[in-house]
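One structure is given here, and the rest of the page talks about it.
The values are calculated or read from the model by the stated rules, or taken from the named source; none is laboratory data. Note that the structure is a prediction, hence the values are computed from the model and not measured. Quick reminder, even Gly has a Cβ in these numbers, built from the backbone with ideal geometry, and neighbours come from all protein chains shown. With ligands, DNA and RNA removed, areas are computed over all heavy atoms of the protein, side chains included. Shrake-Rupley method; radii C 1.70, N 1.55, O 1.52, S 1.80 Å.
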Amino acid sequence: RACHFPCRASVWQCVCADVPGMTATPSMHSKGDRSEEDLSFLLDLTHHLRVKLDKSPEGKFGFAYRAESRGLVITGIICGGPVDTWNRNADADRVICVGDIITQVNNKKLSAGHMKASACEDLWNELRSSDIRTTFVIEKFGPRWHLEGVTSECMEKIHRAEEAGVHLELVMPDELVFNDDEVVREDDLKKLRRGEFLALLFLTSLPSVVCLAMCSAMGAGFPLFISFAGARMNLFGNMIICGFSAIAVGMYVVDWYKWESKMQRGVTLIIVFYGMCLGGFVKCRFYPHAPLIIVLFHIPMLLGLLRASAFRNVNRASFYRWTAVALFLIGLAVLLFWLLWMNVSAWDGLNRWDDSTKLKLVERSKEIYDAFLIEINGRDRSLNYEWDCRLQERSDFDMVYGQPLANEHILTIEESRDRSRKCGQ
């Protein structure tokens, strides 16, 4: 055991056992006999150590150090040296650790007024020239997580298990998979089978199928965007998102994640999530990319759910390898459909990117342009793609026999900017 220093009203006493490689002489002083050195030592026993060490036969103390302005910083402890011997027999609060700072060697100490580049020279010289027995004052500055707390208790249990004959093997965390309360080696997990790969391919292809069918010109993309192109749709989208956000806050307040029924937790989460997704769809008047992002976000979400549930016993390398293959095949299929849509006239006519395709897309999106109103010369009118967006005529127009005809009004700078902004949307 190491030294204990109980402080009393009139006396203080140091009681130490005889530990090889170190000494600490028991002494007793009356209050009037305390020296300045003793009083400074008693100032903070919690953050400082005072030990006496004997040099080894080789003349070493058994620690490496680095000289800094704040003292001699201990950078390493040599196994079998005097410091290591001290630590093996000392209490946890008396252990010398890497990172601790030596602030005094015998009578040479580092004062606050000498914290310069050469402040440690006296300490270094005293350490080199000291006799076999040397007194150190050490500031506890190094980490001590391995001495106290959960880590220390776990290490003690490990040592006890090894002493009882239990064989323990060090395994890297990447080689383990935590399955409920069971720890499974990664090498013992199964590889992805053919049926599981087909299920993975099917589920991850669903978002891409929805994008092609509902969010592109190859499917019902135009009817979808036209249905949400009204002037008030953005306001409705904001209301929907705010409403379901308030529900989400309420779920957090009532500790939704602590509900006993998994069914209730899951259904509630799905309702709130897809309610907010609906709000994003409704706002596609100003955010036309929102439906595409929402749908494609389901790909990583589905992969995560599969990995956490049905495929949790699948080898990691096998799962991600076949996931990459599945995503590559899906991307290849989407590219093939797009090329067919562009070049096979029997599908929807030729859709190669040229003026005729542009005009066809404009005709199909006429209702979207009609939903965007601009104020010109004190009157509101709909956008006309040919006049406002493609030609960008400087004058306004009147419709004569279904065709735009220029009138005398020349657009102001503010009107031109508003028109350009609406065309850009």
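Quick notes on this structure:
- Radius 9 Å from Cβ of LYS108, net charge of other residues (Lys, Arg +1; Asp, Glu -1): -1
- Nearest-20 debye value, the range 277-425 charge dipole, Cβ charges on Lys, Arg, Asp, Glu: 1260 debye
- For the pair MET251 and SER69, the difference between a 0.36 nm per residue extended length and the Cα-Cα distance amounts to 60.0 nm.
- Against the empirical 2.2 N^0.38 Å (N residues), the range 251-313 has a Cα radius of gyration ratio of 1.39.
- Where only alpha carbons of the range 216-280 are counted, the Rg and the Dmax (Å): 15.6, 46
- Local electrostatic count at LYS360 - Lys and Arg +1, Asp and Glu -1, tallied over other residues with Cβ under 15 Å: -1
- Interatomic Cα distance distribution for the range 285-425, bins of 10 angstrom, percent: 9, 25, 22, 18, 15, 8, 4, 0
- Volume of the convex hull of the range 261-350 (Cα atoms only), normalised per residue: 139 Å³.
- Calculated log₁₀ intensity ratio I(q)/I(0) where the Debye formula runs over C-alpha points of the range 289-340, q = 0.13 Å⁻¹: -0.42
- Distance in nm between pseudo-label sites at ARG88 and ARG194 (7 Å out along the Cβ direction from Cα): 6.3 nm
- Among the listed pairs LYS358/LYS422; LYS283/LYS366; LYS60/LYS157, those whose Cα-Cα separation exceeds 29 Å are LYS60/LYS157.
- Electrostatic bookkeeping for GLU163 treats Lys and Arg as +1 and Asp and Glu as -1; over the other residues with beta carbon under 12 Å from its beta carbon, the sum is 0.
- In angstrom, the C-alpha Rg and Dmax of the range 57-112 are 11.9, 35.
- Per residue, the range 328-425 exposes an accessible area of 69 Å² to a 1.4 Å probe, with every protein chain left in place.
- A 1.4 Å probe, protein heavy atoms only, puts the accessible area of PHE236 near 90 Å².
- What the Cβ-Cβ distance of GLU121 and TYR320 gives, at R0 = 45 Å and to the nearest 0.05, is a FRET efficiency of 0.15.
- Which of GLU196, GLU386 is most accessible, then next, and so on - probe 1.4 Å: GLU386, GLU196
- ARG194, ARG66, ARG232, reordered so the largest accessible area comes first (probe 1.4 Å): ARG194, ARG232, ARG66
- Inter-probe distance in nm under a simple model that places probes 7 Å from Cα toward Cβ, at LEU339 and LEU278: 4.0 nm
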